[in-house]
Amino acid sequence: MTEETRRDPPFLSISHLTVSFDDTPVVGDVTMDFQPREVTALIGPTGAGKTSLLLAINRLIDLRPGSRVEGSIRIGGRDAFGPDMAPEELRRRLSYLGPKPICFPRSVWDNVAWGARVNGYDGDYDELVETCLRRAGLWDEVKGMLRRSALRLSGGQRQRLCLARALAVSPDALLLDEPTSRLDPIATGRIEDVIIALKEEVGIIVATHDHLQAGRLAEKTALFLPGGGGFGELVEHARTEVLLMNPADKRTEDYITGKHVTGTRYPT
Amino acid sequence: MAAYRRRIQARRRQDRLFRIAVRIASLIPVLLLLVMILTLVVRSMAADLGSEARRALHLTGLATAAAGSFWVIASGLAVSAPIALVAALWMAHPTRLSRKDPLLVGVFRTLVRQAVRIPNVVYGVFALALFLRLNALAPALGIRNLGNASILLGIIMLPNLVLMMEQELKDVPDGIDEASFALGASWVAVMVRQVLPAAAGAMGAGILRIAARMIGLASPFIVLGAPSFVSAPPAGFGDRFISLPVQIYQWAVRPESAYRGMAAFTSLVLLLCILLLDVAADTWKRRVVRRREGLR
């Protein structure tokens, strides 16, 4: 353990986490810690269980029929599965954003304010909306149309609106699932700028199949690959430059250099 | 080559014949409606309504029936719409995320569908029995009044409303559920503060459409013992009342030409009301959906 870990206790610890659907594991035996004030990237191919892991962390997966989560998750020292942690609180503190930017069929202003309102925020809503939109880098584009429908925004703007909406419930961390997979390079660049600006305030876990994006964004990177058991496994979790430039595991090197990966359908 | 061309021409002929047949078939119901409207117009023009005073009296009868129809439908909706809404929320909420019905919801929906198919006369008989019993307990309640008729109509509309509202709740795009949960919302917050507002407009249009279907309803009120002569619109739920179709029925069975003419004219008014409600419902629904999909 380095000095760094002693200075910053992890805000989120996962140990021996296994997620299964209908008794078939999709990601198995994951143990990792997440530090505040840094971006952690989860990389790996489709089907390696990145999304399932993110959904399991804040128990959104409970809403999907047939799902089961084993192992333990501790957030800020508290047991995430304990009786004193309501799933609603967990989901507010670890706010999840899916790959498809889903705006509520309401105004831009209402989109940002909605989450804060259901969580009983009692401050000045106009101020909150403006602050969150500024932090998400969207304020200048939408300040003249706060009362117009959010469904008029473009894909990249919608994704930033979703970011602003997540920030409005003052989460401990944002769980971003392929936040740019549907965006063009310019919109992607904007989102990445916002992520880098936000990491001082909230923890950020971003799942991406693009390891170059991990290189641009993340201090730490974790690689997930489908293992021999047919479910995703954590292969390596290290500082990003180490994982990308000088990986400890042979499979990491193969994945990053685009070679054959054990357990996939590609021939040897 | 020539054989091929002949086959193509034969197919073209078939196409043309088919298109003509379809057009004729689709015109038949429209023609029937036009003939009916024309007959009603001719009948109402031909009727001799008598003196100015008698004419005014007849028109009062029409207005009274129109007011009666309005009040019975409005208060019937006030009775059953809230109940239907709660039932629809209960039915729709587990289905929205999982796309699968729990067994209980499936059974409930089947039962509600059966309730829609029960003939309205049967509801009338049922309500008559119910109100007779209640009246035996408290004679002041009466039977043939607006309040009872509203309850009866509410019962008839209830299954229609439940199915319509459940469908509208399910038609709201389902991504917003997970997005709302991800912000720390509870089930109640997601359904009541996200899905319900998104479905509310379409539900309003659905209510108009159901109201349009109920305007023409006469049989259950006749079973309940609809009064034959009512001179003023109802002022309270204990008052006797008459609705448009019942008024038509009462006028149509009388031999005098004036009454027959009024029956025809009232039928025209009834048709016009249904048409207006339906067009309003369609326009409203289309606008709501366009706005929800972000096209406007």
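What follows is calculated from the coordinates using simple rules that are stated; it is not laboratory data. The structure presented is a predicted model; accordingly, all values stated were derived computationally and were not measured. Neighbour counts run over all protein chains shown; Cβ positions are idealised from the backbone, glycine included.
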Looking at (1) assigned to a helix (DSSP H, G or I); (2) among the basic types (K, R); (3) over 28 Å from A:F34 (Cβ atoms), which is the only condition A:R147 fails?
-> (1)
Here are some residues: B:I151, B:I143. Which one is in contact (Cβ under 8 Å) with a residue 24 or more places away in the chain and more than 12 Å from B:P220 (Cα to Cα)?
-> B:I143
Per the list (1) within 22 Å of B:V79 (Cα to Cα); (2) under 17 Å from the mean Cα position of the chain (by Cα); (3) of a type in the set (V, I, T), residue check on B:I242 breaks on (2)
Residue under evaluation B:I143, criteria (1) away from chain A (no Cβ under 14 Å); (2) assigned to a helix (DSSP H, G or I), criterion not met | (2)
Which of the residues belonging to segment A:94-108 are among the hydroxyl-bearing types (S, T, Y) and more than 8 Å from chain B (Cβ to nearest Cβ)?
-> A:S107
Members of segment A:61-95 that are within 17 Å of A:T18 (Cβ to Cβ) and in a helix (DSSP H, G or I) | A:I61, A:D62
Being under 19 Å from the mean Cα position of the chain (by Cα) and within 24 Å of A:G228 (Cβ to Cβ) narrows A:S95, A:S52, A:S13 down to just A:S52
Go through (1) within 30 Å of A:L54 (Cβ to Cβ); (2) outside any helix (DSSP H, G or I); (3) among the basic types (K, R) and name the single condition B:K170 misses.
-> (2)
Breaking point among (1) more than 30 Å from A:G258 (Cβ to Cβ); (2) surrounded by 13 or more Cβ atoms within 10 Å (Cβ to Cβ), for A:Q35 = (1)
Quick one: how many residues across segment A:178-189 are over 19 Å from A:E219 (Cβ atoms) and crowded, with 19+ Cβ neighbours inside 10 Å?
-> 3
Screening A:G144, A:G137 for residues that are more than 8 Å from every other protein chain (Cβ to nearest Cβ), surrounded by fewer than 17 Cβ atoms within 10 Å (Cβ to Cβ) and among the small types (G, A, S) leaves only A:G144
Is it fair to say B:V289 is within 14 Å of chain A (Cβ to nearest Cβ) and at negative phi?
-> yes
